[in-house]
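Enquirer: One structure, pasted below without further comment.
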Amino acid sequence: RYILPVARPAWDSLLTHLQMVPRTPHVARHSVATALNAAGVPVADAAKYIGDSVKTYCGTYLHASGTDVGAALTTILG
């Protein structure tokens, strides 16, 4: 996504200050979506926060994580 030329130096300075690898604000958006998923935020709420539809959000940000689904079901079903 386009970031105003005036804002880009401030963005780069912030990342340097935080000792983070240089990245575009759009990549940071993906990081936020991933963090929301990992924190268990409901998909519809996360999609609204990111500004995408649920369909776009799911197609873009949700990926298999390697979670043991069987263990999760055992926990749920007690």
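Enquirer: When the residues of the range 1-37 are filtered to those that are among the hydrophobic types (A, V, I, L, M, F, W, C) and surrounded by fewer than 10 Cβ atoms within 10 Å (Cβ to Cβ), which remaining residue is farthest from TYR61 (Cα to Cα)?
Expert: Of the residues in the range 1-37, the ones among the hydrophobic types (A, V, I, L, M, F, W, C) are 3-4, 6-7, 10-11, 14-15, 18, 20-21, 27-28, 32-33, 35-36.
Filter once more, keeping what is surrounded by fewer than 10 Cβ atoms within 10 Å (Cβ to Cβ): 4, 6, 18, 21.
Numbers: LEU4: 25, VAL6: 29, LEU18: 25, VAL21: 21 Å.
Applying the filter and picking the extreme gives VAL6.
Enquirer: Taking the condition part of a helix (DSSP H, G or I) and open to solvent by 70 Å² or more (accessible area, probe 1.4 Å), does THR75 pass?
Expert: So THR75 passes the test.
The values are calculated or read from the model by the stated rules, or taken from the named source; none is laboratory data. Just so we're clear, the structure is a prediction, and the values are computed from it rather than from any experiment. No Cβ is skipped: glycine too gets one built from the backbone with ideal geometry, and neighbour counts run over all protein chains shown. When the accessible area is computed, the model is the full protein with side chains, heavy atoms only, and any ligands, DNA or RNA have been set aside. Shrake-Rupley method; radii C 1.70, N 1.55, O 1.52, S 1.80 Å.
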